[in-house]
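Below is one structure, written out as structure tokens; comments come after it.
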Amino acid sequence: MTENGSAANGYAHEDVERNGGNSPPPYDGTLTKETEVEEKPQETEEFDPWTVTDLVDKTKPWAELTTSERVQRVLWGYIFRQLLLLGLLYMFICSLDFLSSAFRLLGGKAAGKVFSDSKIFNNPIAGLMIGVLATVLVQSSSTSTSIVVSMVGSNLLSVRIAIPIIMGANIGTSVTNTIVSIGQSGEKNQFRRAFGGATVHDMFNWLCVIFLLPLELASGYLFRLSDAIIKSFHIQTYEEGNVKLLKAITEPFTKFIIKVDTKVITKIALNQTDPDTSLIKTECKKDGINGTVPCKFLFMNVAGKWDDWVIGLVLLLIALFVLCTCLVLIVKILNSIFKGHIAVLLKRFVNADFPGKCGKYGTGYLAILLGALLTILVQSSSIFTSALTPLVGIGVITIERMYPLTLGSNIGTTFTAILASLTQEGDKLSDAMQISMCHLFFNISGIILWYPVPFMRKIPIYLAKQLGNTTAKYRWFAALYLLLAFFALPAFVFGLSVAGWQVLAGIGTPLLVIIIIIVIINILQKKKPEWLPGRLRNWEFLPLCCHSFKPLDRIITKVFRKCKCCSKCSSNDSIESSSEDSADQHEMYRVKPDV
């Protein structure tokens, strides 16, 4: 107090001298213009990267255009640009098919060998993880589901044991749109939204399994419900069940490049053929000719010379190049399209809610129905969600609207499986239909659990946004997430489950308890920090590597520093992340609760 008081008296004495010996006038509470500039803080609006971009009609009115400008707008804006977008979408869908074929050539035999050991499936956790890994390897839930149907029809598996595998296939099929989202990693906020929109599908599927698998093991409700439905209807074989809609357009081109025989994977799983049999289809049927003729496609000349994994690797590189190229061009064209009057109308239509409380509540269910119908049309949930991911990235569709569309795609993909199961004959028909019904009611149960209640609806969206925020801060986190969520974690849990229930419970239970405790503490740190001891109100007492990706980010940055492009991107990310960290620390220490 003495130092402050003397300093204040010194400043007052200087003011008296500057005013000619007179005391300064008393402060009347009025701020001068200079004081306002110095003391009044600037009000800045907080930018929300998850908010849909405001689409403003910046196009020049038609009446103000010259003749050449009108011709250019008609040719480029209304004709050529739309045709180019359709062509890129066609190649994008074909690249997804090539990606699926490449993964089948790389991992199809391994998946078939895993399925061939039917004793493993007696453990439901092992069956669940095999469903995830096999579907990721063959890049198709339809393929893995058809293998399960064939094994059930051959009495190698029972329907009850096959249910966890179907749940795992539901998780594995969401890896495709997560891969697609990486194509928008060039722009930070686009990548944030795209990755969040893609992983909301992953979060929903994982949460459904976490809650519904124990319920199924305890009660068998999916088995009992599907069994009652199958027995109440007299189901007959429908030979025209394999209806081709979108594939009728894409198959002529994809089959011209490569032909993969997925039936070989099923035969390997059933021990009906040599595990080293090639998946490349060399003999094809031709109308009007008895028997088979040599197939004709681009990779036919190297089919007998190269191993399947070599062809699969080459095809994978081609598929990723075509996919990324098409994705970048599609995003650029969409950005150019979504600047006019059509964009404003589309944004309002896609993200709008019906008037009134009931209308707002029912809009989401209409989106679920729309997602189911469109997935039935394209006959693939991966294609549908992968096509929506760039729209979420550029801000045309919100993640809140993406969520019900994704739920609808989960319903729509089961319709294709139901139609395919109707083509089975004899004893296989009822088993195939029952598995398809289990798949359908599993997804319906997940929607009932995670959508009608607003609080429950926010959980998958919140988790996806957290993943998106982390990916925007550390771009490499997307690859780490893919490896952990779809390969490392399923393989680790599968290894524990194969070792036996004692090993799984002895290692898995403590890990699960630790994860639950950490989640609870994180929630309390954000919502009710006063409920926690002072030391647990943040994680600063732990080593930096235990609560931050910064040490790992430094290592990865050093590894890629030699690449100029990667170095520039890494330096930009470091600047952005450091500014975000300093802002977070300022916010954390600005008002510090009493300990």
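The values are calculated or read from the model by the stated rules, or taken from the named source; none is laboratory data. If you're wondering where the values come from, they're calculated on a predicted model, not measured in any experiment. Using ideal geometry, Cβ is built from the backbone for each residue, glycine included, and neighbour counts are taken over all protein chains shown. Ligands, DNA and RNA are excluded from the accessible area calculation, which covers all protein heavy atoms including side chains. Shrake-Rupley method; radii C 1.70, N 1.55, O 1.52, S 1.80 Å.
A few notes on this one:
- A search for C-beta distances below 7 Å between a residue of region 440-455 that is in contact (Cβ under 8 Å) with a residue 40 or more places away in the chain and any residue that is of a type in the set (Phe, Trp, Tyr) and in a helix (DSSP H, G or I), counting only pairs 6+ apart in sequence or on different chains, returns GLY446/PHE204; LEU449/PHE211; TRP450/PHE204.
- Qualifying position, being modelled with pLDDT under 80 and open to solvent by less than 80 Å² (accessible area, probe 1.4 Å), among LEU327, LEU345: LEU327
- Number of residues in region 86-139 that are touching a Phe, Trp or Tyr at 6+ places or on another chain (Cβ under 8 Å), farther than 20 Å from ASN177 by Cα and modelled with pLDDT under 80 equals 0.
- Every listed requirement among (1) open to solvent by 30 Å² or more (accessible area, probe 1.4 Å); (2) in a helix (DSSP H, G or I) is met by GLY186 save one, (2).
- Qualifying residue in region 122-145 (condition: open to solvent by 20 Å² or more (accessible area, probe 1.4 Å), assigned to a helix (DSSP H, G or I) and under 18 Å from LYS247 (Cα atoms)): yes
- Here PHE492, PHE442, PHE487 are screened, and the one residue that is among the aromatic types (Phe, Trp, Tyr), closer than 23 Å to LEU213 by Cβ and buried (at least 16 other Cβ atoms within 10 Å of the Cβ) is PHE442.
- When ILE171, ILE166 are checked against the criterion of being farther than 13 Å from PHE486 by Cβ and within 26 Å of the chain's Cα centre (by Cα), ILE166 stands alone in meeting it.
- Selection status of LEU99, open to solvent by 10 Å² or more (accessible area, probe 1.4 Å) and in a helix (DSSP H, G or I): no
- Hey, SER226 of a type in the set (Ser, Thr, Tyr) and either open to solvent by 10 Å² or more (accessible area, probe 1.4 Å) or in contact with a strand residue (DSSP E or B) (Cβ under 9 Å, 6 or more places away or on another chain) (or both) or not: no
- Lone unmet requirement of (1) more than 23 Å from GLY131 (Cα to Cα); (2) within 17 Å of the chain's Cα centre (by Cα) for PHE486: (1)
- Any chance ILE383 is closer than 18 Å to GLN139 by Cα, among the β-branched types (Val, Ile, Thr) and in contact (Cβ under 8 Å) with a residue 40 or more places away in the chain: yes
- Pairs with Cβ under 6 Å, 6+ apart, first in region 292-321 and over 19 Å from GLU251 (Cβ atoms), second open to solvent by 40 Å² or more (accessible area, probe 1.4 Å) and part of a helix (DSSP H, G or I): TRP309/LEU106; GLY312/LEU106
- Residue list for region 73-94, filter: of a type in the set (Lys, Arg) and within 32 Å of the chain's Cα centre (by Cα): ARG81
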